[in-house]
Structures are given as C-alpha cells and as structure tokens.
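*Asks:* Below is one structure. I have some questions about it.
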Amino acid sequence: MVNIAIIGMGQRGRATLARLNDIPTVNVTHQCDQDTDWREVVSDSQVDLVWICTPWEWHLRMATLAMECGKDVALEVPAVMTIAECQELVRVSRLTRRHCNS
C-alpha cells in the first residue's frame, strides 16, 4: 500500500484524487490546499508520496520540503518555470535520494 498526500484540491487535485481512488494499492491519507498547513502534511511519517496539484508558483518550495522530509514527489506540469528551479529540484532529489516526477 502506498500512502499519498495530495496538496491542491482544485479541479486538477480533485481529478487526481478520483484517479487514485480507483487504484486498490493506493491510500490517500491527506487532502489539503496551499493555504492550509501543508508543511504538517509533508512531514507526516505515514505519507510515502506527496502529489502536488497547486499553482506552479508553489511547486518548488513544496517539492523540496517534501523530499527533505523523506517523501517522493509527483508534480503537475509545469513542475517549475526556470532552469535554476529545475536545477534546485534535481539537487534536492540527489541529496535526499528521493524521486521527483512531473
């Protein structure tokens, strides 16, 4: 069983939740928006993967914190908007040895 937290419950987040609910080996443990305390969600020891469906401006900070908390990350596209932000995602992924997929 994979425990997944979804951050961003707009249209794309709700669609992601509907798809994930059809997978028997997935357990969605948290659903929240960027205006809630998402930091608590990414630090929860029960979460294996954080699926980020927020506006792209939030992606880098959420993804890096999630990886630093030991979580793998899935991002809606675009993951980030600059080469420097891409390099930061790769740097943190390598440092933490966590996956970051977009």
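*Asks:* For A74, what residues show an amide H to amide H distance below 5 Å, using hydrogens built from the backbone and excluding near sequence neighbours?
*Replies:* For A74, whose amide H was placed from the backbone, the distant partners under 5 Å are V50, W51, I52, N101.
*Asks:* What spacing in nm lies between the two simple spin-label points modelled at D48 and A15, each 7 Å away from Cα in the Cβ direction?
*Replies:* About 2.5 nm, to one decimal.
*Asks:* Where does the chain land at 222 nm, in deg cm²/dmol rounded to the nearest 500, when only DSSP H runs of n ≥ 4 count, each adding -39500 (n - 2.57), divided by all residues? All intermediate terms of the calculation are to be shown ahead of the outcome.
*Replies:* Values: 4 runs with 40 residues, N = 102.
When only DSSP H runs of four or more count, the value is -11500 deg cm²/dmol.
*Asks:* For the stretch 40-49, what does the Karplus curve 6.51 cos²θ - 1.76 cosθ + 1.60, with θ = phi - 60°, yield as ³J(HN,Hα) per residue in whole Hz, taken in order and with x for Gly and Pro?
*Replies:* 5, 5, 6, 8, 5, 5, 7, 7, 9, 9
*Asks:* Along the stretch 11-18, what does the Karplus equation 6.51 cos²θ - 1.76 cosθ + 1.60 (θ = phi - 60°) give for ³J(HN,Hα), rounded to whole Hz, x for Gly and Pro?
*Replies:* My calculation for the stretch 11-18 gives 4, 5, x, 5, 5, 4, 4, 4 Hz in order.
*Asks:* Taking R0 as 25 Å, what's the FRET efficiency between D33 and R94 from their Cβ-Cβ distance, rounded to 0.05?
*Replies:* Values: r = 29 Å, r/R0 = 1.17.
Given R0 = 25 Å and the Cβ-Cβ separation, E is 0.30.
*Asks:* Just to confirm, what accessible area per residue do you get for the stretch 1-61 at 1.4 Å probe, in whole Å²?
*Replies:* Values: 3500 Å² over 61 residues.
Accessible surface, normalised per residue, equals 57 Å².
*Asks:* Right, next: Please report the net charge: other residues with Cβ closer than 13 Å to the Cβ of D44, K and R +1, D and E -1.
*Replies:* Details: positive: R39, K71; negative: D37, E40, D48.
Taking every other residue near D44 into account, the sum is -1.
*Asks:* If you roll a 1.4 Å probe over the stretch 1-93 with all protein chains in place, what percent of the accessible area is carbon or sulfur? Don't skip to the end; give the middle numbers.
*Replies:* Working: 2570 of 4920 Å².
Summing carbon and sulfur atoms, their accessible area is 52 percent of the total for the stretch 1-93.
The values are calculated or read from the model by the stated rules, or taken from the named source; none is laboratory data. Keep in mind it's a predicted model, so treat the numbers as computed, not measured. Reconstructed Cβ throughout: ideal geometry from the backbone, glycine too, with neighbour counts over all protein chains shown. Ligands, DNA and RNA are excluded from the accessible area calculation, which covers all protein heavy atoms including side chains. Shrake-Rupley method; radii C 1.70, N 1.55, O 1.52, S 1.80 Å.
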